[in-house]
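A short write-up of the structure that comes next.
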Amino acid sequence: MIFILIALFLLVAYFVLVAIVLAKRGRRKFSKKDLQYINSHWYRILDSFEHDSKESVLEADKLLHYCLRKRGGGKFNGLSLGEMLKKGGRFFSDIDGVWFAHKLRNKVAHEMDGKVSRDDAKRAFSNYKKALVDLGIKL
C-alpha cells in the first residue's frame, strides 16, 4: 500500500514538473541583446516623435511586431501584426488599446492623407508603451 502511495506521489510530481516546463516554454524571455536593441530603438522613436509623429507611430508598430514575434517563440513567424494580435491577445492587459494604436498605424500607412491628431498619436504611443511593458520589457 505504501508503495502505491509513493508511486502516486511521484507520478503527480512528475506531471506538475512537466506542466511547469511547458508553461515556461510558452513564455520566452528576451535576451540581453534583444532588450538593448528594443530599448535603444524605443528611445530613438521617442526622440523623433516631436518632429514626425506619423513616422514614430509606424516605427513603434514595427517594434511591437518585432517584440511579439520574439516573445511568441516562433509561433508568430510569417504573420502580420494584426494576425498576431488575434492569436496573442492574451499577452496584453489592454488589447483594445493595442488595436487602436495598430489601426492608427494602418491609417497612416495606407491612406493618402492619413491625418493624425496629436492626441491620437500620443494615445497610440502610450498604448504601444503599455503593450511593450506587458510583454516584459522595462522602458
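The values are calculated or read from the model by the stated rules, or taken from the named source; none is laboratory data. It should be emphasised that the depicted structure is a prediction, and the values quoted were computed from it without experimental measurement. Don't worry about glycine lacking a Cβ; one is built from the backbone with ideal geometry, like all the others, and counts go over all protein chains shown.
Residues that are modelled with pLDDT of 85 or more, loosely packed, with under 11 Cβ neighbours inside 10 Å and out of contact with any strand residue (DSSP E or B) (no Cβ under 6 Å at 6 or more places or on another chain) do occur in the range 48-63. Among the residues making up the range 14-39, those that are modelled with pLDDT of 90 or more and loosely packed, with under 10 Cβ neighbours inside 10 Å are LYS32, LYS33. SER93 satisfies every condition listed in (1) hydroxyl-bearing (Ser, Thr, Tyr); (2) within 21 Å of LEU35 (Cβ to Cβ); (3) free of Cβ contacts under 8 Å to residues at least 12 places away in the same chain except (3). Considering the conditions (1) under 17 Å from GLU55 (Cβ atoms); (2) assigned to a helix (DSSP H, G or I); (3) of a type in the set (Asp, Glu), ASP119 is excluded by exactly one of them, (1). Would you please name the residue that is surrounded by the fewest Cβ atoms within 10 Å (Cβ to Cβ), looking only at residues in the range 66-87 that are touching a residue at least 60 places away in the same chain (Cβ under 8 Å) and hydrophobic (A, V, I, L, M, F, W, C)? Taking the candidates together, the pick is LEU68. Taking every residue in the range 101-114 that is touching a residue at least 40 places away in the same chain (Cβ under 8 Å) and surrounded by 15 or more Cβ atoms within 10 Å (Cβ to Cβ) and pairing it with any residue that is in a helix (DSSP H, G or I) and among the β-branched types (Val, Ile, Thr), at least 6 positions away or on another chain, the pairs with Cβ-Cβ distances below 9 Å are ALA101/VAL57; LEU104/VAL57; ARG105/VAL57; VAL108/VAL57.
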